[in-house]
Every structure is written in C-alpha cells, then in structure tokens.
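K.L.:
Handing you this structure, nothing more for now.
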Amino acid sequence: MVDFTSPYDHGGVQKVIISCNSGRFREINVGNRMIETVFYENLASPFITGSILIADSSNIFNHINFLGQEIISFTLYNVDKTEFLKKSFIITGVDRYSKGNDASAVIMLNFTEEHAVTSEMTRISKSYEGKLESIVSNIITDQLSKELITETSSQDAIRYLMPYTQSPLEAARTLTRRMSTSNGSPFYLYSTLYEDSLRLESLETMLSTMALSNVEFKYLNVSADTRGDMFDAAKQIVTMSMSNNEDIINLMRNDVFGSQYLWLDTNKDIPTELRYRFTESVPKMPTPNGTLNYDDNFTANSKQYHEGVSSLNSQITTTNIFNNINSLNEEIVIDNHMKKAESRSLKALLTKSQFDMTIPGFYFMTAGRVLGKKINVYVPKNITPMNEAGVNLNTLADKKLTGQYLVFGIRHTFKSDQYHVTMNVTKYDNKKSLSNERINVI
C-alpha cells in the first residue's frame with residue numbers, strides 16, 4: 001500500500017485513451033503525455049465539459065487527425081492504484097495548438113459528454129403528455145439514451161408539442177424552467193462527474209437535505225506532512241475569492257425583490273395582474289443557516305426593496321388550447337402562475353452570496369457526487385486574535401462566511417500528479433447571531 005504524501009496526490013500517469021469507433025486510426029493512450037486535464041460540472045448544465053492539454057513529440061497530431069469525431073476515455077487512479085473515475089467523452093475540437101520546437105508541440109482538446117453531442121444532432125417534432133418531470137425523463141431516455149433521476153413538481157399534467165426547432169436538451173431545459181415545487185422553488189437539470197445518470201432536482205430539496213456528514217471545509221493555516229492528518233488537510237481551503245456579491249442592481253434587474261406580472265388569457269380576453277414581493281415567497285424556503293440575507297426595513301426614497309417594481313413582465317397564457325389537458329403555460333388556478341415569478345427570483349437570488357474555494361482533490365476521490373449538495377464551511381473573522389481564555393474556533397468564526405453552502409459548480413484539475421478542486425458555493429441566508437457582531441470584538 002502506497003501512502004499519500006500530500007492531499008493533492010493522485011496516481012500520476014493515468015489511462016487516457018483516444019479512439020474512434022469508425023476505425024479511422026489505431027487507439028492511443030496519451031496518459032503519459034497528459035500535462036493537464038480539467039472537468040467542469042455545474043447545476044446549470046445537463047452535461048460535463050472539459051479540456052486536456054497533451055504534449056506531442058510522437059506525431060500524435062497527424063496519426064489521429066483530429067476532426068472533432070474522436071472518443072476520449074479517462075480511467076483515473078489514486079496513488080494506491082485504486083480506480084476512482086472512469087468516464088468517456090467526445091472530443092469537440094482542438095482549442096489550441098502551440099509548436100514548442102521543431103520536434104514537439106502542445107495540443108489542447110475540448111470534450112463533452114456524448115449525450116450533449118447527440119442532442120445537437122437531433123431534431124424531432126413529437127407530442128408528449130404527462131407531468132413535466134415525466135416528459136423530461138422520456139425525452140432524455142428516448143432521444144439521448146440516458147437515465148434521469150428526478151422528483152415530483154407541483155404542476156398539473158400537460159401536453160407538450162416538442163417543436164422541430166429544439167434539440168432534446170433545449171426542450172428539456174424549456175420544461176425544467178416551467179417546473180417548480182408548491183413553494184415556487186426552481187428545478188435544475190444537471191450532470192455530475194461521478195454519476196452516469198442525469199438529475200432533475202429542486203432547489204428546495206437540495207437545501208432541505210442534510211449537509212455532507214462529518215465534513216467541514218476550513219480556511220485555516222495548517223499543513224499536512226503525515227497520513228495521520230491527511231484527511232483534515234484534504235478539507236483545508238487553500239484560496240477563496242468572491243466578486244460581484246450583494247449586487248443589488250443586478251438582483252433588481254432579475255426581479256428578485258419586487259415586480260409586476262401580467263398574465264393574459266387571449267382565449268377569454270382576460271388579463272390578470274399580480275404583484276410579486278420577495279418577502280411573501282422566499283421565506284417559505286429552507287434557511288439552513290438561520291435567517292434570510294435581506295433587510296426588509298431598509299428603504300430607498302422611503303420605499304422598501306420588495307415594495308418596488310423593477311420590471312413589468314407579461315405572458316400570454318391562453319387556456320383551453322387542448323380540450324382535456326393543459327398546455328405548457330396554462331394553470332387551472334391563475335394564482336399558480338406566480339410560481340414562475342418565485343422560481344425566477346430564487347434562481348437569481350443564488351448569485352447574492354457566493355464565492356470560489358480551492359481545496360486539494362483527496363476528498364473527491366472517495367466522496368462521489370458533491371455537486372448539488374450542501375457543505376459546511378468555516379472561515380475565521382477578520383480580526384487579530386487576542387490571547388484571552390476561551391477564545392476558540394467557534395468564537396473566531398466569521399458569521400457571515402461560516403455556515404452551510406450549496407455546491408453550485410465544480411472545476412476538477414489534474415496536473416502532473418496533483419489534483420485540486422475549485423468549488424463555486426452559494427447561499428442566501430446567514431446566522432441569526434450575525435446581527436450581534438461588533439468591531440474589534442471577538
């Protein structure tokens with residue numbers, strides 16, 4: 001058994017096979033030529049993308065003759081030579097080619113999952129009936145040969161005429177945008193690196209599920225030189241950064257706080273105008289950290305943000321297009337259209353408080369799926385610790401940044417024999433005790 005010497009360790013030379021199912025060239029293992037490989041997964045994307053940088057001093061470029069019609073298969077190992085990732089993709093292009101000298105070059109290839117390519121080359125016109133999640137599942141299964149793990153939405157069964165202009169994934173995304181829970185929570189259709197199935201899951205479910213157990217990622221000045229503290233070092237936040245947080249103007253433009261909606265039934269020639277207020281819908285959602293990250297007493301020109309109208313949104317919601325079942329934009333009860341406003345607000349709200357954190361990759365070699373799950377994060381507050389009795393990590397915790405976050409996106413980077421991960425994490429609530437914080441007080 002080989003010991004890890006660093007929480008960044010992985011198995012070094014990996015098995016990376018480039019092949020072609022048409023037999024155009026002989027398959028080749030470029031694992032020992034791999035300089036860097038990156039995988040991207042995100043809640044907003046139903047497919048994984050990535051890139052690989054390889055060194056070519058063996059005429060690989062001519063042997064393969066990259067056409068964007070090649071398969072790249074990864075089998076990655078840890079230092080014990082235990083397999084922790086096996087996945088195949090389709091190469092979609094040569095992103096960069098750089099000649100180093102007369103006899104060598106570096107090639108960067110882009111790749112994505114096969115079902116994303118299949119979707120781009122598929123157009124059908126077909127009628128589907130049923131609950132939204134069932135229709136999405138049927139499209140994904142029938143057209144892309146992928147399994148979908150899903151949950152139930154609050155909308156009634158509909159008939160959906162899939163237009164010939166849409167790819168299967170475009171149609172699935174259209175239906176996903178229409179889905180919500182009874183509390184107006186949006187749904188996300190996404191793919192994860194360590195699973196073969198796609199997922200269709202509500203934000204409400206993600207926030208209601210327990211955070212990853214016995215795991216807390218900490219921004220602390222520690223080091224690991226032995227296996228004994230490797231598991232702690234693997235959860236150390238090495239860097240963290242944030243930008244465009246609490247961007248109120250952008251949030252207003254995305255109808256987070258207050259807006260006006262007009263639903264027009266052209267069949268009955270009846271317009272219905274409804275007002276959306278942040279304080280009436282978002283409080284129904286889970287608050288893992290305690291209290292919403294919003295001051296409902298603050299005013300601008302004597303008006304609270306949620307009493308403002310940042311936009312007027314109108315939509316044609318013709319009823320009785322089909323005699324016996326709803327169409328995509330119909331609701332039996334007109335007030336249910338407000339779930340669209342709530343869903344739109346909650347999606348945009350996730351950009352309010354987020355940051356990127358980089359950690360070693362050790363934990364991810366056994367963690368399985370992390371995208372779409374909650375994690376615990378610890379960050380110390382910006383104050384010089386005092387040598388006082390009773391001062392500990394909890395006392396020094398930054399109550400704004402410490403807490404439970406939803407993992408929204410992950411970038412996995414393999415370079416040489418090192419593996420690190422950058423996670424985009426987000427939340428919209430804070431600890432209640434944050435309001436008690438004072439300057440220069442631990």
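Values in this text are rule-based calculations from the coordinates and carry no lab data. What you are looking at is a predicted structure, and each value in this text was computed from that prediction instead of being measured. Neighbour counts are summed over all protein chains in view; Cβ atoms, including those assigned to glycine, are modelled from backbone coordinates with ideal geometry.
K.L.:
On the Cα set of region 398-442, report Rg and Dmax in Å, please.
P.N.:
That works out to 15.9, 47 Å for Rg and Dmax.
K.L.:
How much mean residue ellipticity at 222 nm does the chain get from its helices, if each DSSP H run of length 4 or more adds -39500 (n - 2.57) and you divide by all residues, to the nearest 500 deg cm²/dmol?
P.N.:
The helix contribution divided over the chain gives -4500 deg cm²/dmol.
K.L.:
Follow-up question, since we're still on this one. Once you have a ≥ b ≥ c as the square roots of the Cα gyration tensor eigenvalues for the chain, tell me rounded if a/c is under 1.5, and otherwise prolate or oblate according to whether a/b is larger than b/c.
P.N.:
oblate
K.L.:
Still on this structure: Return the aspartates and glutamates within reach of Lys99: Cα separation strictly under 19 angstrom, same-chain partners fewer than 8 residues apart disregarded; answer none if there are no such residues.
P.N.:
By straight Cα distance, Lys99 reaches Glu36, Asp56.
K.L.:
Still on this model: When you have a sec, figure out the Kirkwood radius of region 1-87 from all distinct Cα pair distances and drop it here in Å to one decimal?
P.N.:
14.6
K.L.:
Arrange His420, His10 by Cβ neighbour counts within 10 Å, fewest through most, would you?
P.N.:
The most exposed by this proxy come first: His420, His10.
K.L.:
Let me ask something additional. Select from Ile248, Ile17, Ile270 the residue whose mean-square fluctuation is largest in a Gaussian network model of the chain (Cα-Cα springs shorter than 10 Å).
P.N.:
Top of the fluctuation ranking is Ile270.
K.L.:
Distance from a point 7 Å along Cα→Cβ of Lys400 to each backbone N in region 411-442: keep the residues under 15 Å and list them by number.
P.N.:
Flagged as within label range: 427-441.
K.L.:
Quote the convex hull volume per residue of region 248-343, based on C-alpha atoms, as a whole number of Å³. Intermediate values should be presented prior to the final figure.
P.N.:
On the way: hull volume 11.0 nm³, N = 96.
Enclosed volume per residue, from the Cα hull, is 115 Å³.
K.L.:
Within the P(r) computed for region 305-442, what percentage of the Cα pairs occupies the region above 18 Å?
P.N.:
Numbers: 6738 of 9453 pairs.
Beyond 18 Å sits 71 percent of the P(r) for region 305-442.
K.L.:
Related question: Determine, from the Cβ-Cβ distance of Thr299 and Lys432 and an R0 of 22 Å, the FRET efficiency 1/(1 + (r/R0)^6), rounded to the nearest 0.05.
P.N.:
It comes to 0.45.
K.L.:
In terms of modelled amide H atoms, which long-range or inter-chain residues lie less than 5 Å from the amide H of Thr49?
P.N.:
Here the answer is Tyr40, since their amide H atoms fall under 5 Å of that of Thr49.
K.L.:
Say each of Ile439 and Asp356 gets a label point 7 Å from the Cα, pointing the same way as Cα to Cβ; how far apart are those two points in nm?
P.N.:
Between Ile439 and Asp356, the label points sit 3.2 nm apart.
K.L.:
Pairs Lys86/Lys431; Lys86/Lys400; Lys131/Lys373: which exceed 30 Å Cα-Cα?
P.N.:
Numbers: Lys86/Lys431 40 Å; Lys86/Lys400 38 Å; Lys131/Lys373 25 Å.
From Lys86/Lys431; Lys86/Lys400; Lys131/Lys373, over 30 Å: Lys86/Lys431; Lys86/Lys400.
K.L.:
State log₁₀ I(q)/I(0) for region 119-202 at q = 0.24 Å⁻¹ as given by the Debye formula over alpha-carbon point scatterers of equal weight, solvent excluded.
P.N.:
-1.22
K.L.:
Taking R0 as 45 Å, what FRET efficiency do you get between Phe61 and Ile249 from their Cβ-Cβ distance, rounded to the nearest 0.05?
P.N.:
Working: r = 48 Å, r/R0 = 1.07.
FRET efficiency, Phe61 to Ile249: 0.40.
K.L.:
From the phi of every residue in region 259-268, what ³J(HN,Hα) in whole Hz does the Karplus formula 6.51 cos²θ - 1.76 cosθ + 1.60 yield, where θ is phi - 60° and glycine or proline is x?
P.N.:
Coupling constants for region 259-268: 7, 10, 10, 10, 9, 10, 8, 6, 6, 9 Hz.
K.L.:
Picking from Asn62, Asn329, Asn382, which is most flexible by a Gaussian network model of the chain using Cα springs under 10 Å?
P.N.:
Highest fluctuation among the options: Asn62.
K.L.:
Taking θ = phi - 60°, what integer Hz values does the Karplus form 6.51 cos²θ - 1.76 cosθ + 1.60 yield along region 42-54, in sequence order, with x for Gly and Pro?
P.N.:
Each residue's phi maps through the Karplus curve to give 8, 4, 8, 10, x, 8, 7, 10, x, 8, 9, 10, 10 Hz.
K.L.:
Through the Karplus equation 6.51 cos²θ - 1.76 cosθ + 1.60, θ set to phi - 60°, convert the phi angles of region 95-109 into ³J(HN,Hα) values in whole Hz; use x for Gly and Pro.
P.N.:
Along region 95-109, the couplings run 6, 7, 10, 10, 7, x, 7, 4, 10, 8, 7, 10, 10, 10, 10 Hz.
K.L.:
Using 10 Å bins from zero, what percent of all Cα-Cα pairs in region 125-275 falls into each bin?
P.N.:
Spelled out per bin, shortest first, that is 9, 23, 28, 23, 12, 4, 1, 0.
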